[in-house]
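Taking it in order: structure first as structure tokens, then the write-up.
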Amino acid sequence: MKFPPIFTINPSIKQCLYDLDVLKAALLLHPIPESKAKFLREASILKSSLYSARIEGNPLTLADVGQLEAGVVNSDKHLQEVFNLSTIYSSLDRFAVQPFTLDCIREIHKVVMNGLISPSGLFRVEESAIFNSAGIAVYLPPAPRDVLGLLEGLIQWMLTTKDPIPVVAAVFHIWFEKIHPFEDGNGRVGRVVSAIILRHGEYGFGGLVPFEEYLDHHRQDYYDALGKDRQDVSDFIEFYLHTLVSQVRSSLHAVDEPLPVRHTSLSPRRAEIVEIVNEHALASFDFLSRRFRAVPTRTLHYDLSELIKSGYIRRLGTTRGALYAPGEKA
């Protein structure tokens, strides 16, 4: 692949851009109550983090990661990966308002790969290759000596181009993946930076749209779109914008659905615990722990304790065989 990529804003891309502007206007005309928006933003951060990790092979589900806490995840690499991503996705607004530089990319990688590789935040110094599932090299990234120059060119293009913001986010993403500046973590970092570009250009949709969810659900299409080794990246832009439109529509549809009052102040995992207890009327700790296999026992006990204090559930009995029942707020 030659750099920089070239592309054409074809009729399909123009339609997607129009659709995004219509959806953005619709959200502005119908503001969301802050209590509801806060819950949806937290859920979106969790989904972006989880699904970005799942794209790279992480097996966890939403039930496994409902509430991530520092100090209880670093014994599990899968949880650590999602926790790292949730930390950086929670910081998108900060990155969106500050000058974007090579140091920003290093910082993002350092957070995303914290505890997963050592050291993190350093550009690769060895030759690399992208392999398919059969172990065959399908793409050879640029030599390490060219990485800094290519990234500087990418950032300069991003800061000066007059192309529509969603197109810039798409081109940056595929250009970044083709440069492949790190030994590991390129996809996760590329998706984060793409989200920062959208947020900076006022296409963040209030932090309510986890576009990584669509990418995970259409993972092979995403791989195929990224894997094309050609200088013209119009096809990838079209795929990326279709992803945005589809996920924005889905997310804004969810905005219109009423949330139970009990959910607005709860993290997604605690809300799910309440739903499980309500559904079964009585639930043992062993039963709940099987539903949240990836959650440390200590964390699950803490969740239950906080839900009891808040009145969402009740504990029946004091022994290890105690059961949990719906509380007065359920």
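The values are calculated or read from the model by the stated rules, or taken from the named source; none is laboratory data. Remember, predicted model here, so these are calculated numbers, not experimental data. Cβ atoms come from the backbone with ideal geometry, glycine included; neighbour counts cover every protein chain shown.
Remarks
- The set of residues from the range 1-29 being more than 18 Å from Tyr240 (Cβ to Cβ) and touching a helix residue (DSSP H, G or I) at 6+ places or on another chain (Cβ under 8 Å) comprises Phe3, Ala26, Leu27.
- With respect to the conditions (1) at pLDDT 90 or above; (2) under 23 Å from Glu257 (Cα atoms), Ile13 falls short on a single one, namely (2).
- Restricting the range 160-187 to residues that are free of Cβ contacts under 8 Å to residues at least 12 places away in the same chain and assigned to a helix (DSSP H, G or I), the residue that is surrounded by the fewest Cβ atoms within 10 Å (Cβ to Cβ): Thr160
- Per-region count, the range 1-45, residues over 17 Å from Asp232 (Cβ atoms), in contact with a Ser or Thr (Cβ under 9 Å, 6 or more places away or on another chain) and among the β-branched types (Val, Ile, Thr): 1
- A Cβ distance below 6 Å, combined with a sequence gap of six or more or placement on separate chains, defines the contacts here; from the range 22-43, residues that are outside the structural domain of Arg269 (by TED's automatic domain parsing) and surrounded by 11 or more Cβ atoms within 10 Å (Cβ to Cβ) reach residues that are modelled with pLDDT under 90 and in a helix (DSSP H, G or I) in the pairs Ile32/Val255; Ala43/Pro268.
Table: residues versus (1) buried (at least 19 other Cβ atoms within 10 Å of the Cβ); (2) among the hydroxyl-bearing types (Ser, Thr, Tyr); (3) in a helix (DSSP H, G or I).
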{"position": "Val189", "(1), (2), (3)": "yes, no, yes"}
{"position": "Val193", "(1), (2), (3)": "yes, no, yes"}
{"position": "Arg199", "(1), (2), (3)": "yes, no, yes"}
{"position": "Gly206", "(1), (2), (3)": "no, no, yes"}
{"position": "Tyr214", "(1), (2), (3)": "yes, yes, yes"}
{"position": "Gln220", "(1), (2), (3)": "no, no, yes"}
{"position": "Leu226", "(1), (2), (3)": "yes, no, yes"}
{"position": "Asp235", "(1), (2), (3)": "no, no, yes"}
{"position": "Tyr240", "(1), (2), (3)": "yes, yes, yes"}
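- The condition (being part of a strand (DSSP E or B) and surrounded by fewer than 16 Cβ atoms within 10 Å (Cβ to Cβ)) is satisfied by just one residue among Arg249, Arg290, Arg298, Arg315: Arg315.
- Residue tally, condition among the aliphatic types (A, V, I, L, M) and at pLDDT 95 or above, over the range 70-95: 3
- Ala169 being of a type in the set (Gly, Ala, Ser) and touching a helix residue (DSSP H, G or I) at 6+ places or on another chain (Cβ under 6 Å): yes
- Leu46 vs. criteria assigned by TED's automatic domain parsing to the domain that holds Phe236 and at pLDDT 95 or above: no
- Criterion: in contact (Cβ under 8 Å) with a residue 12 or more places away in the chain and within 30 Å of Gly206 (Cβ to Cβ) - qualifying residue of Ile105, Ile117, Ile130: Ile105
- Any hit, the range 147-159, residues being touching a residue at least 24 places away in the same chain (Cβ under 8 Å), crowded, with 19+ Cβ neighbours inside 10 Å and within 20 Å of Leu85 (Cβ to Cβ): no
- The helices (runs of 4 or more DSSP H) falling completely within the range 70-148 that include 2 or more residues that are among the polar types (S, T, N, Q) and under 22 Å from Leu50 (Cα atoms) map to 77-89.
- Pair list, Cβ under 8 Å, 6 or more apart: the range 275-294 residue under 13 Å from Ala63 (Cβ atoms) and free of Cβ contacts under 8 Å to residues at least 24 places away in the same chain, other residue of a type in the set (Ser, Thr, Tyr) and in a helix (DSSP H, G or I): Ser289/Thr297
- The set of residues in the range 30-41 that are touching a helix residue (DSSP H, G or I) at 6+ places or on another chain (Cβ under 7 Å) and in a helix (DSSP H, G or I) comprises Ala37, Phe39, Leu40, Arg41.
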